[in-house]
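Take a look at the structure below.
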Amino acid sequence: MARTTGDLQLTSTAEDSDDLEDVRLLDSYYENDVVHNNDGTKRIQVRVTGMTCAACSTSVETALRSVNGVIGASVALLQNKADVVFNASLVKEGDIKNAIEDAGFEAEILPEAGSVQGSAVVGQFTIGGMTCAACVNSVEGILRGLVGVKRAVVALATSLGEVEYDPNVISKDDIVAAIEDAGFEASFVQSNGQDKIVLGVVGVYSPVDAQVLEGLVSGIKGVRQFRFDPVLGELDVAFDPQVISSRSLVDGINLGSNGRFKLHVRNPYTRMASKDGSETSAMFRLFISSLFLSIPLFFMGVICPHIPLVYSLLLWKCGPFLMGDWLKWALVSVIQFVIGKRFYIAAGRALRNGSTNMDVLVALGTTASYVYSVCALLYGALTGFWSPTYFETSAMLITFVLLGKYLECLAKGKTSDAIKKLVELTPATALLVVKDKGGRPIEEREIDSFLIQPGDTLKVLPGTKVPADGTVTWGSSYVNESMVTGESIPVSKEVNASVIGGTINMHGVLHIQATKVGSDTVLSQIISLVETAQMSKAPIQKFADYVASIFVPTVVALSLLTLSCWYIAGALGAYPKEWLPENGNHFVFALMFSISVVVIACPCALGLATPTAVMVATGVGANNGVLIKGGDSLERAQMVKYVIFDKTGTLTQGKATVTSAKVFTGMDRGEFLTLVASAEASSEHPLAKAILQYARHFHFFDDSSPTISTQNDAKEVKSGWLYDVSNFSVLPGRGVQCFIDGKRVLVGNRKLLAESGINISTEVENFVVELEESAKTGILVAYDDVLTGVLGVADPLKREASVVIESLKKMGIVPVMVTGDNWRTAKAVAKEVGIRDVRAEVMPAGKADVVRSFQKDGSIVAMVGDGINDSPALAAADVGMAIGAGTDVAIEAANYVLMRDNLEDVITAIDLSRKTFSRIRLNYVFAMAYNVVAIPVAAGVLFPSLGIKLPPWVAGACMALSSVSVVCSSLLLRRYRKPRLTTILEIVVDKQQNNYS
């Protein structure tokens, strides 16, 4: 590892430290400060190599949790990852790595893991012009007063200042400008922030080339550490993101080498996939090697006895043994101790940790067969009594187990296809539009998509993928977002429209300004959510973990019992000697049954039953726009009894429209609408927008969008058709008030008019009640303290709402509606949609109490809301579903994030959960039934009556295929399709639309 050096060191430079630690100047400040905003908690992910079954993952978890300072640890067997949360002040990353390695596994800290703590960095600045303590106090006061600055300390003697700040709020340039504005000189030196990048390098063909590359990198300001691997052609660089960006780093190397080296950013997910692929390839090589050496054994035992010449050579005595015995011994020794070494290593590792796994069983069974065969040969050489050997049993057993492991690796790889497809959505390159100082485009340049920075202008051609999240600055087109949101219909994109990275531009050319890059993009957040969900354990898996912990000792005990029973029964003459193999004895006969018991038992099938199904289900959900945050959420959703819906924006479209307007005085209808529109023109309330749109349509028959921007409203005021308004004010929870021509205008609900002393006649009250009973909201208008008219405003139900509610009832789930609206409107909406249980006039905080009221009897409750106003209820529910999340996929309160604004996805989420756990139960039934049936058969229970006897190699083949069968069973979930009710809904709607056309 080569390091750069600088005049000033912000942190320690110990050679064994890869991370930046304590900042000197701020140390005393922290010591005297009582409040600590940062608790030092970090989260990292570690790649763990060598785990073979659930017992291994349990061993790693136990080893990690025993480390002082580790707060939590979760190990995912299928992903070969460990997620560790720890106190950075008590334990270092190296200690965690050592703990895993001490447990007998290989560990690698993944660079893309982040910390739990905030994003604040500590920057070091040189400050010139300070002459005394008053200058220091002045600079410190200025720095501490800046928004985004948490702490600041200035040292007069060294002319240095160290500032802790949030780079998302304030930049280093802003800090420099603030110091200079105060009359001092300032420049940025470095920060404790650190970023890492892995670059693939082409063009390094000799040690001289490597030295040139290292010289270039070491000379770039801001580079902290780097390491070049000539074998992989990879350059790992750690740099200060406050000094240099990743793109500037790559450009610096390219410029310094004059194009001699070609660099590209290595995708961290692709690197992980390549490592998983190499593990599969290694398993395949072991299997092929074992098969290649086992084929001669098969020929010697089956084919050669029918070829006299060859058979005579095998019977030729060479020393104390026959030539055939020498060959078998040599071939099997290679298979047993060279190819099968991995089983001994894994078994030894497990036993050292006080646990047992499948490798213990394989090592035990094959070793027993091998040792017996060697002992039989030696005994024959010494006594002249030659017993049959079982070398081929050991060889074929290892071959079949390796075949099973290879097939298992292939099948497990398929379970992560969803993440691979999501990763592949990101284009490899992007077209960067380079602009001059005046903002005019001067050239286009192709860059690596991982080097895009916020603020970049990117050109997106028709048929290509959008490289990053951003906003359209020029052009118009339709974009296919189905691969991210699940919405099949292409979305129109105009200037100022948001676009999502990974989606496909259909027709026109677009210029977009990147707003979110790297881990902040929607696609990266989706991948992160899916990964987190796949690493989490469903509660049902605890059963499998418990069974796995006692499984192997139980099987070994059963094996010894089988050996004892058959041997004792033979010694007592309980079965005829004809059952014994040729030249065999009772011990050999019993030993073969015992070995079969050991190798046929399979704890792996139990350990794979849940995680494989959860992995596939979370991937399938992501493909359908349903993001699941963990196995526990998936398990709870299949037991849901009540689904509570918020009304506005969940059951309804959230787009208010005026449906009726009635005048109760002699005022002209057009004048009345102009009066109301003038009063509401300055309001930002959705109902005001709806009223303004309705009035404009009445006057001009304009069919523009009902969503009118503030700028458009300003134009309306100046257009001449609206009245001049004065003293406008908003009265929260009641309405608005203003003056037109010196007369007061009130627009709002009953409460507003009652407080203003305006009488509501029986005729008006009856009309408002009629509106509310038809699921509409009545808005009362008073002019010059006289009730003039009423507007009826409706928020239409989503077209699928009633069918979804009916579908939930058929699924045995009780739908409930909760809303802050009045009771009449709430009951009318509930009646229209088919919900009987209604809770109205409930404030957002009170919705959580409604959820808890349904949970009192132990029922599982799901809450469906928009993820913003409904956060308390979503958090209180057993299963919180945030619907219509769109690009906001990181809603903390929700267990499920439904990216489309479609209620059908609620059914999809629950149905997918039920299908997944039906598959998990089936996997458990198969895994348990297999062992319950297979072990007695292998022990020879059916041999006396039916003559069924499983040779050890057949038992090994059964064991290998059992775990593969469980994984393949989980893979069937990839064929999941949304419930048929959704299809019926679409057909019905299409028919209705055709009838009206």
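Can you name every residue in the stretch 209-234 that is β-branched (Val, Ile, Thr) and open to solvent by less than 40 Å² (accessible area, probe 1.4 Å)?
Taking the stretch 209-234 and keeping what is β-branched (Val, Ile, Thr), we get 212, 217, 220, 223, 231.
Hits for the stretch 209-234 are 217, 220, 223.
Please count how many residues of the stretch 809-837 are outside any loop (DSSP other than H, G, I, E, B), open to solvent by 50 Å² or more (accessible area, probe 1.4 Å) and of a type outside the set (Val, Ile, Thr).
7
Only one residue in 643, 616 is part of a strand (DSSP E or B) and either within 26 Å of the chain's Cα centre (by Cα) or surrounded by fewer than 24 Cβ atoms within 10 Å (Cβ to Cβ) (or both). Which one?
Details: 616 fails: part of a strand (DSSP E or B).
After applying the criteria, what remains is 643.
Let me confirm something: among 778, 789, which residue is touching a helix residue (DSSP H, G or I) at 6+ places or on another chain (Cβ under 9 Å) and closer than 18 Å to residue 819 by Cβ? First the steps, then the outcome.
Details: 789 fails: closer than 18 Å to residue 819 by Cβ.
Answer to the selection: 778.
Within 60 Å of the chain's Cα centre (by Cα) and assigned to a loop (DSSP other than H, G, I, E, B): which single residue out of 324, 348, 354 fits that description?
Numbers: 324 fails: assigned to a loop (DSSP other than H, G, I, E, B); 348 fails: assigned to a loop (DSSP other than H, G, I, E, B).
Result of the check over 324, 348, 354: 354.
Before we move on, is residue 180 open to solvent by 20 Å² or more (accessible area, probe 1.4 Å) and either without any contact (Cβ under 8 Å) to a residue 12 or more places away in the chain or not β-branched (Val, Ile, Thr) (or both)? Lay out the reasoning, then the answer.
Details: open to solvent by 20 Å² or more (accessible area, probe 1.4 Å): yes; either without any contact (Cβ under 8 Å) to a residue 12 or more places away in the chain or not β-branched (Val, Ile, Thr) (or both): yes.
Considered against the rule, which asks whether it is open to solvent by 20 Å² or more (accessible area, probe 1.4 Å) and either without any contact (Cβ under 8 Å) to a residue 12 or more places away in the chain or not β-branched (Val, Ile, Thr) (or both), residue 180 comes out as yes.
If a residue must be open to solvent by less than 60 Å² (accessible area, probe 1.4 Å) and closer than 21 Å to residue 399 by Cβ, how many such residues does the stretch 315-328 contain?
Result for the stretch 315-328: 3.
Let me spell it out: the conditions are (1) of a type in the set (Val, Ile, Thr); (2) modelled with pLDDT of 80 or more; (3) in contact with a helix residue (DSSP H, G or I) (Cβ under 6 Å, 6 or more places away or on another chain), and residue 356 meets all of them except one. Which number is the exception?
It is condition (2) that residue 356 fails.
Provide a single number: the residues in the stretch 502-522 that are surrounded by fewer than 23 Cβ atoms within 10 Å (Cβ to Cβ) and part of a helix (DSSP H, G or I).
3
Rundown of residues vs (1) closer than 29 Å to residue 828 by Cα; (2) of a type outside the set (D, E, K, R); (3) in contact (Cβ under 8 Å) with a residue 12 or more places away in the chain; (4) crowded, with 21+ Cβ neighbours inside 10 Å, yes/no style:
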position: 653; (1), (2), (3), (4): yes, yes, yes, no
position: 663; (1), (2), (3), (4): yes, yes, yes, no
position: 690; (1), (2), (3), (4): yes, yes, yes, yes
position: 693; (1), (2), (3), (4): yes, yes, yes, yes
position: 697; (1), (2), (3), (4): yes, yes, no, no
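Would you point out which residue out of 910, 920, 935 is under 30 Å from residue 577 (Cα atoms), in a helix (DSSP H, G or I) and modelled with pLDDT of 85 or more? Write out each step before concluding.
Working: 910 fails: under 30 Å from residue 577 (Cα atoms); 920 fails: under 30 Å from residue 577 (Cα atoms).
Of 910, 920, 935, the one residue that is under 30 Å from residue 577 (Cα atoms), in a helix (DSSP H, G or I) and modelled with pLDDT of 85 or more is 935.
To keep it simple, each residue is scored yes or no on (1) open to solvent by less than 10 Å² (accessible area, probe 1.4 Å); (2) closer than 21 Å to residue 638 by Cα.
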residue	(1), (2)
839	no, no
843	no, no
848	yes, no
855	no, yes
858	no, yes
866	no, no
876	no, yes
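Hey, any hits in the stretch 942-961 for a residue that's modelled with pLDDT of 80 or more, open to solvent by less than 60 Å² (accessible area, probe 1.4 Å) and in contact with a helix residue (DSSP H, G or I) (Cβ under 7 Å, 6 or more places away or on another chain)?
no
List the number of the failed condition for residue 969; all other conditions in (1) of a type in the set (Gly, Ala, Ser); (2) at pLDDT below 80; (3) open to solvent by 10 Å² or more (accessible area, probe 1.4 Å) hold.
Every condition holds for residue 969 apart from (2).
For residues that are in contact with a Phe, Trp or Tyr (Cβ under 8 Å, 6 or more places away or on another chain) and within 28 Å of residue 176 (Cα to Cα), scanning just the stretch 92-121, find the one that is modelled with the lowest pLDDT. Outline the logic, then answer.
Of the stretch 92-121, the ones in contact with a Phe, Trp or Tyr (Cβ under 8 Å, 6 or more places away or on another chain) are 96, 120-121.
After this cut, where a residue has to be within 28 Å of residue 176 (Cα to Cα) as well, the list is 120-121.
On the way: 120: 74, 121: 81.
The residue in question is 120.
Say whether the condition of being free of Cβ contacts under 8 Å to residues at least 24 places away in the same chain and either open to solvent by 30 Å² or more (accessible area, probe 1.4 Å) or closer than 28 Å to residue 428 by Cα (or both) is met by at least one residue in the stretch 186-205. Let's see the steps before the verdict.
Residues of the stretch 186-205 that are free of Cβ contacts under 8 Å to residues at least 24 places away in the same chain, as a first pass: 205.
Within this subset, residues satisfying the condition of being either open to solvent by 30 Å² or more (accessible area, probe 1.4 Å) or closer than 28 Å to residue 428 by Cα (or both) are 205.
Within the stretch 186-205, one or more residues are free of Cβ contacts under 8 Å to residues at least 24 places away in the same chain and either open to solvent by 30 Å² or more (accessible area, probe 1.4 Å) or closer than 28 Å to residue 428 by Cα (or both).
Could you tell me which residue of the stretch 755-800 is least open to solvent (accessible area, probe 1.4 Å), considering only residues that are part of a helix (DSSP H, G or I), within 22 Å of residue 671 (Cα to Cα) and touching a residue at least 24 places away in the same chain (Cβ under 8 Å)?
Filtering the stretch 755-800 for residues part of a helix (DSSP H, G or I) gives 755, 762-773.
If we keep only those that are within 22 Å of residue 671 (Cα to Cα) as well, we get 763-764, 767-768.
Going one step further and asking which of them are touching a residue at least 24 places away in the same chain (Cβ under 8 Å), we end up with 763-764, 767.
Working: 763: 112, 764: 5, 767: 32 Å².
Among them, the one singled out is 764.
Considering the stretch 141-161 alone, what residues qualify as being part of a strand (DSSP E or B) and either closer than 11 Å to residue 123 by Cβ or within 43 Å of the chain's Cα centre (by Cα) (or both)? Let's see the steps before the verdict.
Filtering the stretch 141-161 for residues part of a strand (DSSP E or B) gives 149-155, 160-161.
Of everything in the stretch 141-161, those that are part of a strand (DSSP E or B) and either closer than 11 Å to residue 123 by Cβ or within 43 Å of the chain's Cα centre (by Cα) (or both) turn out to be 149, 150, 151, 152, 153, 154, 160, 161.
Checking the conditions here, which among 521, 473, 532, 554 is among the hydroxyl-bearing types (Ser, Thr, Tyr) and closer than 30 Å to residue 362 by Cβ?
Working: 521 fails: closer than 30 Å to residue 362 by Cβ; 473 fails: closer than 30 Å to residue 362 by Cβ; 532 fails: closer than 30 Å to residue 362 by Cβ.
One residue alone meets the criteria, 554.
Test residue 752 against the stated conditions and say whether it is part of a helix (DSSP H, G or I), at pLDDT 85 or above and under 18 Å from residue 793 (Cβ atoms). Before the answer, list the steps.
Details: part of a helix (DSSP H, G or I): yes; at pLDDT 85 or above: yes; under 18 Å from residue 793 (Cβ atoms): yes.
Taking the combined requirement at face value, the residue satisfies it.
Output the number of the condition that residue 979 fails; it satisfies all remaining conditions of (1) under 30 Å from residue 552 (Cα atoms); (2) in contact with a Ser or Thr (Cβ under 9 Å, 6 or more places away or on another chain); (3) at pLDDT below 85.
(1)
In the stretch 630-675, which residues are of a type in the set (Lys, Arg) and either under 30 Å from residue 728 (Cα atoms) or at pLDDT 85 or above (or both)? Spell out how you get there, then give the answer.
Of the residues in the stretch 630-675, the ones of a type in the set (Lys, Arg) are 636, 641, 647, 655, 662, 669.
Within the stretch 630-675, 636, 641, 655, 662, 669 qualify.
Please work out which residue is modelled with the lowest pLDDT, limiting yourself to the stretch 454-490 and to residues that are of a type in the set (A, V, I, L, M) and open to solvent by 50 Å² or more (accessible area, probe 1.4 Å). Talk me through it step by step, then tell me what you get.
Step one: of the stretch 454-490, the residues of a type in the set (A, V, I, L, M) are 458, 460-461, 466, 468, 472, 479, 483-484, 489.
Filter once more, so that each one left must be open to solvent by 50 Å² or more (accessible area, probe 1.4 Å): 461, 489.
On the way: 461: 91, 489: 73.
Filtering the stretch 454-490 for residues that are of a type in the set (A, V, I, L, M) and open to solvent by 50 Å² or more (accessible area, probe 1.4 Å), the one modelled with the lowest pLDDT comes out as 489.
For the stretch 491-501, check the following and say yes or no: at least one residue is at pLDDT below 90, assigned to a loop (DSSP other than H, G, I, E, B), open to solvent by 20 Å² or more (accessible area, probe 1.4 Å) and hydroxyl-bearing (Ser, Thr, Tyr).
no
What are the residues in the stretch 580-619 that are without any contact (Cβ under 8 Å) to a residue 40 or more places away in the chain and hydrophobic (A, V, I, L, M, F, W, C), if any?
Of the residues in the stretch 580-619, the ones without any contact (Cβ under 8 Å) to a residue 40 or more places away in the chain are 580, 586-587, 589-590.
If the condition is that a residue be without any contact (Cβ under 8 Å) to a residue 40 or more places away in the chain and hydrophobic (A, V, I, L, M, F, W, C), then 580, 587, 589, 590 are the ones that fit.
The values are calculated or read from the model by the stated rules, or taken from the named source; none is laboratory data. Please read all numbers here as calculations on a predicted model, not as lab measurements. Every residue, glycine among them, receives a Cβ derived from its backbone with ideal geometry; neighbour counts consider all protein chains shown. Just so you know, the surface numbers come from the protein's heavy atoms only, side chains and all, with ligands and any DNA or RNA stripped out. Shrake-Rupley method; radii C 1.70, N 1.55, O 1.52, S 1.80 Å.
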